[in-house]
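The values are calculated or read from the model by the stated rules, or taken from the named source; none is laboratory data. In this text, all values refer to a predicted model and were calculated from it rather than measured experimentally. In this analysis, Cβ positions are derived from the backbone assuming ideal geometry, glycine residues included, and neighbour counts consider all displayed protein chains. These area figures cover heavy atoms from the full protein model, side chains too; ligands, DNA and RNA do not enter into them. Shrake-Rupley method; radii C 1.70, N 1.55, O 1.52, S 1.80 Å.
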Amino acid sequence: QVPLVESGGGLVQAGGSLRLSCEATRSISRFNVMGWYRQTPEKQRELVATITSEGNTNYADSVKGRFTISRDNTKNTLYLQMNSLKPEDTAVYYCNGRVVVNVEGATVELWGRGTLVTIAS
């Protein structure tokens, strides 16, 4: 059973919108931080946005003002609302959950398998 499952990817025209979802098989309240990352064949995996268990958010400069990350602990789901999409947003988007497991700050991370987002110009 895959612990994190992304959905919502697809093909849209530039300027359009998509909402990605990441559903967890268990409670997401255990994750100290959850986030979205993306990767293309030409680039290493990069941070898109993160959200802490307290609701604090952080965004890559390239998506600020266009993307919104949110989490619904009652539905065990993480979201990424993406507006004003650009061709350079084309990538496989991955969901990540991170748990701090000891006082030294060691973490355990879980990753989904990714969902492909393609933006046509």
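For the chain, the Cβ-based charge dipole about the Cα centre amounts to some 180 debye (Lys, Arg positive; Asp, Glu negative; other atoms uncharged).
With the convex hull of the Cα atoms taken as the outline of the range 65-121, the averaged projected area works out to 5.6 nm².
Rolling a 1.4 angstrom probe over the protein heavy atoms with all chains in place gives the chain an accessible area of 54 Å² per residue. Taking +1 at the Cβ of each Lys and Arg and -1 at the Cβ of each Asp and Glu, which of Asn73, Leu110, Ala120 sits farthest along the dipole of the range 70-121 towards its positive end, judged by Cα position relative to the Cα centre? Checked the options; the winner is Asn73. When peptides 47-53, 84-90 are sorted by average Cβ neighbour count within 10 Å, with the highest value leading, the order is 47-53, 84-90.
Residue by residue, the range 34-43 carries 3J(HN,Hα) couplings of 10, x, 10, 10, 9, 8, 10, x, 8, 10 Hz when phi is fed to the Karplus relation 6.51 cos²θ - 1.76 cosθ + 1.60 (θ = phi - 60°); x denotes Gly or Pro.
Under 27 Å of direct C-alpha separation, and excluding same-chain neighbours fewer than eight residues apart, Lys86 reaches these lysines: Lys43, Lys64.
Set against the 2.2 N^0.38 Å expectation for a compact globular protein, the range 41-94 has a Cα radius of gyration ratio of 1.20.
Just checking the listed ones, Leu78, Leu20, Leu110: in the Gaussian network model of the chain with Cα springs under 10 Å, the one fluctuating most is Leu110. Protein heavy-atom surface of the chain, 1.4 angstrom probe: 47% of the accessible area is carbon and sulfur, with nucleic acids and ligands not counted. Other residues lying with their Cβ under 14 Å from the Cβ of Gly55 contribute a combined charge of -1, Lys and Arg counting +1, Asp and Glu -1.
Each Lys or Arg adds one and each Asp or Glu takes one away; over the other residues whose Cβ falls under 12 Å from the Cβ of Tyr94, this sums to 0.
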